[in-house]
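What follows is a single structure, written as C-alpha cells, with notes after it.
The values are calculated or read from the model by the stated rules, or taken from the named source; none is laboratory data. Small disclaimer: the values here were computed from a predicted structure and weren't measured. Cβ placement follows ideal geometry from the backbone for every residue including glycine, while neighbour counts extend to all protein chains displayed.
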Ligand SMILES: C[S@@+](CC[C@H](N)C(=O)[O-])C[C@H]1O[C@@H](n2cnc3c(N)ncnc32)[C@H](O)[C@@H]1O
C-alpha cells in the first residue's frame with residue numbers, strides 16, 4: 001500500500017484517536033474537516049494527541065521555545081505547545097484549517113501564543129524556530145532537509161512516523177497509551193557544521209561530517225590517530241582519540257571549539 005492511501009486509511013482511525021486536548025473543540029463556522037481530505041502536497045490526517053505529547057516531551061519543549069508546525073492541520077501541535085507555555089506557529093496551506101485552528105486557539109485561551117498563517121511550507125521562512133514539527137511524507141521531509149540543516153545548531157526536528165532519507169534520527173519513541181496508528185516519533189538535532197580541518201594547540205584535527213556523524217583523525221607529534229565514536233549533538237562535539245574522550249562546544253561563529261579532555265585538561269580548536 002502506498003503512503004497516501006495509508007495516510008487516508010489511518011485517518012479514519014486517527015479521527016477517533018483524538019486526544020482530550022481538542023476533542024471538544026467545536027468546528028469553526030460549520031467547517032468540519034475530514035481526516036484523509038486532500039491537501040496541497042499531502043492529505044490531512046491528525047497526529048494522535050498521545051503522539052503530539054510524546055513529540056513535545058522528546059523536544060524538551062520549554063516556555064523559551066518557538067515551535068513551528070509545518071502543515072499544521074487543525075492546529076493541535078501548535079495549541080498543545082502554547083498550552084505548555086511556548087510560543088508556537090502553524091503554517092498551513094488550507095485556509096479553512098487555518099481559520100479552524102485560530103478559533104480553537106481562542107477557545108483554548110492561547111491565541112496570543114499560538115498563531116497560524118495560510119502559506120506554503122516550501123515558500124516560508126521558518127528559520128527562527130527552535131523546534132520544528134512535521135507530519136508529512138518522506139519525500140517532502142527530504143525536500144525540506146537542506147533548509148532544516150541550515151537552521152541554528154541545537155534546533156530540534158520532530159517528525160510523526162516518517163524519516164529524512166539517509167539522515168538517521170537521533171532518537172525514536174512510541175506514543176504508547178491508546179495510540180493505534182501513526183504512533184512513532186523521530187527526532188533530529190540540527191548539528192553544527194564542523195566538516196574540515198581544525199588547528200589545535202599541538203596538532204591538527206580533520207573532521208569528515210555526515211549529518212551528525214563524524215569520522216577523521218588527529219595529527220600530533222608526527223602521528224596520525226583515527227578518531228572514533230565521534231558525533232555532534234547540536235553544537236556539542238564528542239569523539240574518542242588516543243585513549244581519551246574529547247568533548248566540546250562549537251561557538252556561535254562556528255569557527256572555534258573549546259572543551260574538556262577526559263581525565264583532566266582542556267582543548268581548543270580553531271578553523272584551519
Ligand atoms: C498529515 S497532516 C498533519 C497535520 C498536523 N501537522 C498534525 O500533525 O496533526 C499534513 C498537513 O499539511 C498540509 N499541507 C500539505 N501540503 C502543504 C504545503 N505545501 N504547505 C502547507 N501545508 C501543507 C495539509 O493541508 C495537512 O493539513
Checklist entry - Got a number for residues in region 142-161 being farther than 18 Å from residue 76 by Cβ, assigned to a loop (DSSP other than H, G, I, E, B) and touching a strand residue (DSSP E or B) at 6+ places or on another chain (Cβ under 8 Å)? => result 4
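Among the residues that make up region 86-102, is at least one of them assigned to a loop (DSSP other than H, G, I, E, B), surrounded by fewer than 22 Cβ atoms within 10 Å (Cβ to Cβ) and more than 14 Å from the ligand (Cβ to nearest atom)?
Kept after step one, since they are assigned to a loop (DSSP other than H, G, I, E, B), are these residues of region 86-102: 86, 93-94.
This time we only want the ones that are surrounded by fewer than 22 Cβ atoms within 10 Å (Cβ to Cβ), so: 93-94.
Keeping just the survivors that are more than 14 Å from the ligand (Cβ to nearest atom) gives none.
No; the residues of region 86-102 include none that is assigned to a loop (DSSP other than H, G, I, E, B), surrounded by fewer than 22 Cβ atoms within 10 Å (Cβ to Cβ) and more than 14 Å from the ligand (Cβ to nearest atom).
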Next on the checklist: Scan region 24-46 and tell me whether some residue there is at positive phi and within 11 Å of the ligand (Cβ to nearest atom).
Outcome noted: yes
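Working carefully through the options 148, 168, 158, find the one that is in the same structural domain as residue 50 (by TED's automatic domain parsing), more than 12 Å from the ligand (Cβ to nearest atom), closer than 21 Å to residue 231 by Cα and buried (at least 19 other Cβ atoms within 10 Å of the Cβ).
Details: 168 fails: buried (at least 19 other Cβ atoms within 10 Å of the Cβ); 158 fails: more than 12 Å from the ligand (Cβ to nearest atom).
Exactly one residue qualifies, and that residue is 148.
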Checklist entry - Which residue, of 219, 231, 206, is in the same structural domain as residue 249 (by TED's automatic domain parsing), closer than 24 Å to residue 57 by Cα and part of a strand (DSSP E or B)? => result 231
Checklist outcome for this item: Residues of region 103-123 being under 21 Å from residue 33 (Cβ atoms), surrounded by fewer than 22 Cβ atoms within 10 Å (Cβ to Cβ) and in contact with a strand residue (DSSP E or B) (Cβ under 7 Å, 6 or more places away or on another chain), in sequence order, are 103, 115, 117, 118, 119
Checklist entry - Do we find that residue 253 is within 28 Å of the chain's Cα centre (by Cα) and assigned to a strand (DSSP E or B) in this structure? => result no
Next on the checklist: For region 53-85, give me the residue count where each residue is outside any helix (DSSP H, G or I) and near the ligand (Cβ under 9 Å from one of its atoms).
Outcome noted: 7
